[in-house]
Amino acid sequence: MYNSMLNIFSLESIPDSLQKYLGKPDARVKNWMFLNTPLNLIGIYLLYAAIVLHSRQIMKNRKPFSLKYLLIMYNGFQILFSAYICKEIFTSAYFSGYKLSCAKLDSTNNKLALRMARAFWFFYLSKVIDLTDTIFFVLRKKDSQLTFLHIYHHTSMIFNWYIGVLYVPGGQAFFSAGINSLVHVIMYTYYLLSAMGPKMQKYLWWKKYLTQIQLIQFIVVMIHMIIGYINGCRKPKWLICFTVIYLWTLVILFANFYFHAYKNNKLRTAHSKNRIDIKAGGDMKLE
């Protein structure tokens, strides 16, 4: 039964007409763990959906878990893992002679090309591990953190990079994966400090800059992808178009979050201050 399901959902079962449009998966990675069948991806999504949809029911009669030391270990691991991936991607790119203007995919089995492909596989794995963030929110009863942005960002990144690693484990995509890993080092450093408790609050003044860094990342990667497209890099055009559109959705969602979380809040604070000042002056009262 299981083998029959694998055959139905195997990469070999993709119709030739669709493969002609999409191109063929990279022969080096298509049989690697978590890439060999879409069933893995479907299973991850079903499990994640069950956790999100039933999160309140799961924790209904339970107190929030502290998880302080577990969070410290988890965030520390994420920092080290992301730093390793970043180092592997940019080191492989440098010694492979990649250029920012156009980095062509090396589909051979030479040492550097395989090193890059492995780094991409680790990067995809890191996106799956990132779903643990949601589990921690559930266990700590941080329901306000389970926003559309959070869920969309985490789930879409997995799908995006499943396709990316399967078809283009290197080449022009190196910049996107490398920069994202670097940004994750910064993000999880913040989360690590935050998990250490109130004594670290004075070092967390740069929280709002995390969203700014994310937005800059998306825009820079988008520009890099478009430049590669113009220069005729050997990457499926459909994948470039898909990635650019996807990045636009992230820019819109993160910009909206930033405005409501920081800019709009700043305006409300200023407005409240004006009300207090006017009332104190006794000249007029704003309602």
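Just so you know, all these numbers are worked out from the coordinates, no wet-lab data involved. Note that the structure is predicted; figures quoted are calculated from it, not measured. Please note: Cβ atoms are built from the backbone with ideal geometry, for glycine as well, and neighbour counts cover all protein chains shown.
Given the Cα-Cα distance of Phe77 and Tyr246 and 0.36 nm per residue of separation, how much length would full extension add, in nm?
Here the segment from Phe77 to Tyr246 would lengthen by 58.0 nm.
Amide H neighbours of Asp106 under 5 Å, counting only residues 5+ apart in sequence or on other chains, H built in-plane at 1.01 Å?
Answer set, sorted by chain and number: Gly171.
Taking the Cα-to-Cβ direction at Ile151 and at Ile51 and moving 7 Å from each Cα, how far apart do the two end points lie in nm?
Between Ile151 and Ile51, the simple spin-label model gives 1.4 nm.
Suppose each label sits 7 Å from its Cα in the direction of the beta carbon; what would the Lys111-Lys263 distance come out to in nanometres?
Result for the modelled spin labels: 5.0 nm.
Quick one: Phe95, Phe218, fewest Cβ neighbours within 10 Å first, how do they rank?
Phe95, Phe218
Compute the distance from the alpha-carbon center of region 58-95 to that of region 150-188, in whole Å.
A separation of 15 Å, based on Cα centres.
Using a basic spin-label model with each label point 7 Å from the Cα along Cα→Cβ, how many nm lie between Ile219 and Ile135?
Distance between the two pseudo-spin positions: 3.6 nm.
Given a Förster distance of 22 Å, report the FRET efficiency between Phe95 and Asn231 from their Cβ-Cβ distance, rounded to the nearest 0.05.
It comes to 0.55.
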